[in-house]
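The values are calculated or read from the model by the stated rules, or taken from the named source; none is laboratory data. All values reported here derive from a predicted model rather than from experimental measurement. Cβ sites come from the backbone with ideal geometry, for glycine too, and all protein chains shown count toward neighbours.
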Amino acid sequence: MSANELPIAFVSAGDVVAANIALPIAGLIIVPLRFWMRTSRKMGIQIDDWLILAALVFVIGMSIAQLYGVSQHAVGYPSRDYATPIEQLTSLPPEQRLTELIYWITWLLMLPANGLIKLSTVFLYRRIFLVGKGSAFGITSTAVGLICLLWTIAFFFATVFGCGTHVDRAWGTLADIMSCNTNMRLDAMMISDLITDVMVWALPIPVVWGLRISVARKLAVIAVFMLAGASLAAAVVRLIIQIQISHGGYSAHTNVNLTLTTNLYWCIIESGIALIASCLPTLRVLFRITTISSAYNSLRSKLGMSTQSSEMRVRSMNMGDSLDKMPSLNIHVNQGFSVETETKRSSSDRSDKSLV
């Protein structure tokens with residue numbers, strides 16, 4: 001049956017292709033830029049960088065799987081119409097079987113991808129806010145990181161062995177899938193994924209809010225950290241679809257392939273956006289330098305200034321002269337001090353060197 005009882009519109013094969021090309025390419029640009037920024041500014045490559053690189057590999061794997069499904073006219077294409085709900089439960093056309101297999105593979109790749117992105121973000125926060133031993137932020141961030149790690153491991157193996165030793169039932173008939181209690185597992189997985197996302201993205205808010213700076217600058221910094229929260233919207237959409245499937249049952253009057261395709265689309269949207277946004281706190285320094293350089297180059301062209309003079313001025317700005325006059329905020333917490341100690345210092349005493 002081709003009707004759509006979902007509260008979310010079906011996506012087309014073209015939508016799937018666009019998302020699975022654009023997001024990995026953006027990741028292939030952003031992640032190397034992150035490494036370049038680390039090395040060029042002599043910050044050193046640390047665990048948060050390696051974790052995000054590993055996450056990129058899994059995101060690319062998700063895209064390859066989905067693009068292959070589209071190339072076989074399975075993902076993004078409607079499955080066969082059925083005369084009765086019983087026929088829908090027991091029939092398994094080749095294109096539906098492939099779509100179900102791609103869906104299962106995507107989850108196997110998305111779980112470590114999302115888990116690595118969350119862990120990378122937690123380690124990035126700990127790198128930015130160098131905390132004293134036993135500080136509240138240190139304990140909280142460690143707990144959140146541990147929860148994300150256990151979540152990734154637990155649901156990865158739950159997905160692999162969701163049907164026990166009968167692994168292939170995960171891409172069998174709808175009756176086979178239903179026998180594995182797949183909906184219950186997916187409900188728990190998506191809800192907990194959303195909860196851990198909120199925990200991770202909200203982690204730095206209390207720390208930033210405790211800094212002795214203007215409210216406007218606090219909000220600006222929080223906005224940079226919360227850009228990854230855009231992926232939460234995709235997670236919510238995917239959860240809405242799953243709840244509708246669980247409520248309506250596998251025999252609901254909706255197209256199987258297009259329903260799974262819509263879920264696949266929002267899976268890559270969530271992981272791709274989260275990966276890109278998690279790199280932005282690091283790359284904001286690059287954006288600031290680029291903006292300054294572009295402004296001076298434009299001024300040089302208008303005033304006929306020499307290239308050497310312009311470059312010297314840009315270099316002077318980038319060396320940290322009067323950075324407090326710039327609209328961006330540079331947070332620096334000295335090693336050996338707790339966050340609580342740092343927040344008590346006035347903003348004028350802080351170093352202008354950015355660690356992100």
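Would you check if ILE147 is modelled with pLDDT of 95 or more and of a type in the set (Val, Ile, Thr)? The answer is yes for ILE147. Restricting segment 162-209 to residues that are of a type outside the set (A, V, I, L, M) and over 23 Å from LEU89 (Cβ atoms) leaves a set whose member that is surrounded by the most Cβ atoms within 10 Å (Cβ to Cβ) is PRO204. Remark: VAL31 falls outside the filter, which requires a residue to be surrounded by 19 or more Cβ atoms within 10 Å (Cβ to Cβ), of a type in the set (A, V, I, L, M, F, W, C), touching a helix residue (DSSP H, G or I) at 6+ places or on another chain (Cβ under 7 Å) and more than 23 Å from PHE129 (Cβ to Cβ).
Candidates LEU275, LEU227: the one that is part of a helix (DSSP H, G or I) and either modelled with pLDDT of 85 or more or buried (at least 24 other Cβ atoms within 10 Å of the Cβ) (or both) is LEU275.
Over 20 Å from the mean Cα position of the chain (by Cα), in contact (Cβ under 8 Å) with a residue 12 or more places away in the chain and surrounded by fewer than 17 Cβ atoms within 10 Å (Cβ to Cβ): is that true of SER12 in this structure? Against the criterion (over 20 Å from the mean Cα position of the chain (by Cα), in contact (Cβ under 8 Å) with a residue 12 or more places away in the chain and surrounded by fewer than 17 Cβ atoms within 10 Å (Cβ to Cβ)), SER12 qualifies. Would you call SER316 at pLDDT 55 or above and of a type in the set (S, T, N, Q)? No. Any residue at all in segment 16-39 that is of a type outside the set (Val, Ile, Thr), touching a residue at least 12 places away in the same chain (Cβ under 8 Å) and not in a helix (DSSP H, G or I)? Within segment 16-39, none of the residues are of a type outside the set (Val, Ile, Thr), touching a residue at least 12 places away in the same chain (Cβ under 8 Å) and not in a helix (DSSP H, G or I). For segment 44-60, the criterion of being among the aliphatic types (A, V, I, L, M), in the same structural domain as ILE245 (by TED's automatic domain parsing), outside any loop (DSSP other than H, G, I, E, B) and closer than 30 Å to ASN255 by Cβ is met by at least one residue.
Give the number of residues within segment 159-214 that are in a loop (DSSP other than H, G, I, E, B) and under 30 Å from SER278 (Cβ atoms). Adding up the residues that qualify gives 9. Exactly one residue out of ALA74, ALA65 is buried (at least 17 other Cβ atoms within 10 Å of the Cβ), closer than 30 Å to PHE123 by Cα and in contact (Cβ under 8 Å) with a residue 40 or more places away in the chain, and it is ALA65.
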